[in-house]
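Heads up: the structure comes next, in structure tokens.
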Amino acid sequence: MQPSDLQTITHKEQTQRQKHRARLLCCGSTACLSSGAAETRDTLARTVKLHQLGHEVQVMTTGCLGLCSRGPLVKLQEPGQPEVTYAGVTADVARRIVEEQLIPDLGPSPEAADAGPHDLPHLRASVHKARAARSLHGHVLPAEHPFFARQLKVVLALNGQIDPERLEDYIAHGGYGALARALTTMTPDGVVEAITLSGLRGRGGAGFPTGVKWKSVRGAPGNRKYVIANGDEGDPGAYMDRTMMEDLPHQVLEGMALAAYAVGAQSGYVYVRGEYPLAVKRLEKSIRAAYRQGLLGRQIFGTDFSFDVDIRIGAGAFVCGEETALMASVEGRRGMPRMRPPYPAQSGLWGRPTLINNVETFANIAPILNRGPEWYAGIGTEKSKGTKIFALAGKLTNTGLIEVPMGLTLREIVFDIGGGIPNGRRFKAVQTGGPSGGCIPAEHLDVPVDYDSLRALGAIMGSGGMIIMDEDSSMPDVARFFMEFCADESCGKCVPCRVGTTQMHRLLQKIVAGQGGPADLAKLERLGDLVRRSSLCALGQSAPNPVLSTLKYFRHEYDALVASGAAAKEPA
Amino acid sequence: MSTDVTLTLDGRAVTVPAGTTLLQAARQAGLEVPTICYHAHCTANGLCRMCVVEVEGARLLQPACIVAAGEGMKVQTRSPRVERSRRTLVELLNSAVDLSEAPEVQAQLTEYGADRERFPEAERRAPPVIDDNPMFVRDYAKCILCWRCVQVCADDAQYTFALSFDGRGYETQIGTFFDKPMPETTCVFCGQCVGVCPTNALKPKREWLLQQGQTPDEIMALTRSERRRRRR
């Protein structure tokens, strides 16, 4: 393929699209599929066919539309009119959307008959449509709905516009344009420079500057290098990476190819969590399609650059999200972390220099190069640039997937976008960063969300999971839950993590059951400090975070439990 | 390549060749850094974390057995934080594993003034003794997962690869592939693993039988009957 072929495909796609007067986009990501999106899509297609609208109305699958709690979601696009998003589209609602919104004329309606001699066909149609819209009113999500209005879609811009499984669709929206431009007009150093300028930081959680990492891999000696996309997302309640791989697989692949060009790698792996079968399926399909079109493989766009991508599927170990454990797993060994240094940039996969980034980081690359690093650096806060995708879960009115500029406050995320706590309950805490993160109480809700502010609070940005808890949640119990998770997911390699997390879990169990004493609390804190300071990898080093942050902000809850425990022990 | 680096160990300037680990440097300088999993002939992995030292400027305690000495590094091998960590680490090990036949670890428990009852909630792992071959028994209730046996079985010495890991977290245990009995694995009964085991989790069969109260004659009779059985 030559760069000019991208325009040919784009042109062909646009001509094709103009043949339809309306498009129905049905969400096809895991969240909506689990609430019945497959049936919704079938019904849409069947009803369109039944009314012989097939040549004018297009029904297609698209990526996650965001408001997952109200799924299945369907979007209606008509040229010249604002988009309409429908929520809770069951098969019956799907049928009504087609019949009441897209059939131009169902015969004279009572209102239209009253209009008398001025009765015009289009008037009749619009009145009918307005009436029908009322019947679907409960399902329409207004465009000014704060859930949508406060978001800024940079990485997810194409979600809800394209069919994840169609390469042509991605190309028609500018896809692989950044790769073509980079390969033909930019030097690898130029690409690294652009990423450095953009201020992008790793989206996997630690927030290491991406440009710096790329530069060190580029500078590492060796003629064989690797690129790995880390899609082993394991935090409970988080699904940003899943969405990226399911809904925008080509954007991830393009980012990987750009990274490979920049650092001088020839092959790459996408490491996908085993629990994401749809992501694997779509990635496989996308990789095949890209190879067929010459966007992967040998001599891409007629240049000397060749890049191969393969998929590796994890077997369900949380620790394999840690980069050295992930590489061991790719190599076919037991997924256990090793000491760093040497960092993967010097000695990674099979001892070669390896660039390993989160899939979300890779998905940021093409938008940065398309719109310029300066533009990207203009979004966000001083030290955290761009946007971040979060998965909102827990006791919240609107749960789902959001993309917001860095620096929005937690309050804006929880109360404006998330719609606050349902059932008139009071907000208690938001847990960020999964089992490695911490709980942030109400008094810190006005903190801007960026890497450094969250770290200062004892939490972390993490990969982007946010679990919101209301007053009914017991914080020691939350800490116990995360500790159990970490103890269970420890690889068993180093003593502080293997034995320490288990002991912390036992102590928490005892405290939560009301059998602990003040000495147990002190022991818990000391042990947390040890596990944090002397564990081998980030799993152990961050495992005590939920405990230590809840001890910091919700000490009174622990004290109450300990006091009740002491009371229970008193001889009656 | 042979450049030297100078670092400060407990306030003392020490010059060592580049690439020397902090542990080697400390021992060269006559400083005692305790180790459990470390073995001079095995790849160091930094598992037991007993050898952790405090390096100025590092957020975390660094395992001396892996971390290479760097120019101008300031290292504390006996700071209060290091001592406290080591004490808690042996206490943790003691709470999880039967250390009764691990003299080195016992000495460390005493040296660091460990409270053997600090974690009374702990449940020691108690997997049954595996007696599946005539040469040695495996009692993983005594195993501290130092990895020495796995490593000597693999590319540190024998290249046999009969030993591996099972389970994860607290339940991690050394084992064979698919839990096969030893004679059905690639094991050649070289005895390297028994030789490097620091806690007597791996033990020669004869020693074990003697401890079980069998007399040497009874043991001889056992081997004889086994030989006879095999001949048939």
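Nothing in this text is a laboratory measurement; each read-out follows from the coordinates by a stated rule. The structure presented is a predicted model; accordingly, all values stated were derived computationally and were not measured. Please note: Cβ atoms are built from the backbone with ideal geometry, for glycine as well, and neighbour counts cover all protein chains shown.
Annotations for the structure displayed:
- The amide H of A:ILE162, built 1.01 Å from its N in the peptide plane, has A:GLY63 as neighbours under 5 Å, considering only residues 5 or more places off or on other chains.
- Charge dipole magnitude, Cβ of K and R +1, D and E -1 - the range A:242-323, Cα centre, debye nearest 20: 320
- Listed peptides B:124-133, A:173-182 appear in the order A:173-182, B:124-133 once ranked by packing, highest mean of other Cβ atoms within 10 Å at the front.
- Under 5 Å, built H, 5+ apart or other chain: amide partners of B:PHE165: B:GLY175
- One Cα centroid belongs to the range B:116-155, the other to the range B:192-223; the line between them spans 15 Å.
- Ranked by the mean number of other Cβ atoms within 10 Å of their residues, highest first, the peptides A:88-94, A:441-447 come out as A:88-94, A:441-447.
- Beta bridges per DSSP with both ends in the protein assembly as shown, % antiparallel, nearest 5: 60
- Of all DSSP beta bridges in the range B:4-79, antiparallel share, percent nearest 5: 85
- Range of Cα positions in the range A:476-569 per principal axis (Å), largest first: 39, 22, 19
- Three-way shape label, the range A:151-259, alpha-carbon gyration tensor, a/c 1.5: oblate
- In terms of distances greater than 24 angstrom between alpha carbons, the cross-link table entries A:LYS428/A:LYS493; A:LYS213/A:LYS385; A:LYS383/A:LYS428 yield A:LYS428/A:LYS493; A:LYS383/A:LYS428.
- When each of A:PHE554, A:PHE305, B:PHE178, A:PHE362 is scored by the number of other beta-carbon atoms lying within 10 Å, the sequence from fewest to most is B:PHE178, A:PHE305, A:PHE554, A:PHE362.
- Computed over the range B:144-232, the convex hull of the alpha-carbon atoms projects to a mean area of 7.2 nm².
- Shielding of B:91-97 by partner chains, average beta-carbon count, 10 Å: 4
- Averaged over the residues of peptide A:330-340, the number of Cβ atoms from other protein chains lying within 10 Å of each residue's Cβ is 2.
- From the C-alpha gyration tensor of the range A:1-115, square roots of 5λ in Å: 27, 22, 12
- Nearest-20 debye value, chain B charge dipole, Cβ charges on Lys, Arg, Asp, Glu: 620
- Farthest toward the positive end of the dipole of chain A, out of A:LEU524, A:ALA429, A:PHE415, is the Cα of A:LEU524, where the dipole comes from beta carbon charges about the Cα centre.
- Cα centroid separation, the range A:242-302 to the range A:310-356 (Å): 18
- Calculated Rg and Dmax of chain A using C-alpha coordinates, Å: 25.9, 93
- Amide proton proximity set for A:TYR269, modelled H, under 5 Å, gap of 5+: A:VAL227, A:ILE228, A:ALA229, A:ASP310
- Selection among B:GLY213, B:VAL55, B:ALA122 by position relative to the dipole of chain B gives B:GLY213 as farthest towards the positive end (Cβ unit charges, Cα centre).
- Helix B:216-231 vs. chain B, principal-axis angle (Cα, 0 to 90°, nearest 10): 70
- Assigned charges on the beta-carbon of Lys, Arg, Asp, Glu; the protein assembly as shown dipole about Cα centre (debye): 1420
- Selected from B:ARG81, B:ARG59, B:ARG148 as most flexible by GNM, with chain B as the system and alpha-carbon contacts under 10 Å: B:ARG59
- Column: log10 I(q)/I(0), Debye, Cα scatterers of the range B:23-125, q = 0.16 Å⁻¹: -0.72
- Only one residue of A:LEU536, A:VAL478, A:SER564 has its Cα farthest out toward the positive end of the dipole of the range A:476-569, where Lys and Arg carry +1 and Asp and Glu -1 on Cβ, and that residue is A:LEU536.
- Inter-chain Cβ neighbour count for A:486-493, averaged per residue, equals 5 (cutoff 10 Å, partner chain atoms only).
- All-pairs Cα distance distribution in the range B:4-79, expressed in whole percent, bin size 10 Å: 22, 58, 20, 0
- Shape summary of chain B, radius of gyration then Dmax from alpha carbon positions: 20.8, 70 Å.
- Each of B:MET135, A:MET60, A:MET336, A:MET327 was scored by other Cβ atoms within 10 Å of its Cβ. Arranged with the fewest first, they read B:MET135, A:MET60, A:MET336, A:MET327.
- Members of A:LYS75/A:LYS285; A:LYS75/A:LYS395; B:LYS180/B:LYS205; A:LYS12/A:LYS225 lying beyond 28 Å, as alpha-carbon distances in this model show: A:LYS12/A:LYS225
- Base-10 log of normalised Debye intensity for the range A:180-238 (one unit scatterer per alpha-carbon) at q = 0.18 Å⁻¹: -0.79
- Working note: Debye formula, equal point scatterers on the alpha-carbon atoms of the range A:297-347, no solvent; log10 I(q)/I(0) at q = 0.18, 0.22, 0.24, 0.31 Å⁻¹ is -0.67, -0.79, -0.85, -1.13.
- Each of A:SER542, A:SER198, B:SER225, A:SER473 was scored by other Cβ atoms within 10 Å of its Cβ. Arranged with the fewest first, they read B:SER225, A:SER473, A:SER542, A:SER198.
- Principal-axis tilt of helix A:249-263 within chain A, Cα atoms, nearest 10 degrees: 60
- Calculated [θ] (222 nm, deg cm²/dmol) that DSSP helices of n ≥ 4 give over chain A, each run adding -39,500 (n - 2.57): -12500 deg cm²/dmol
- Semi-axes of the equivalent ellipsoid for the range A:387-469, computed as √(5λ) from the eigenvalues of its C-alpha gyration tensor and ordered from largest down, come to 18, 13, 12 Å.
- The range A:400-429 and the range A:499-572 have Cα centres spaced 29 Å apart.
- HN-Hα J in Hz across the range B:123-139 - Karplus 6.51, -1.76, 1.60, θ = phi - 60°, x for Gly and Pro: 10, 5, 5, 9, x, x, 5, 9, 10, 10, 8, x, 9, 8, 10, 10, 10
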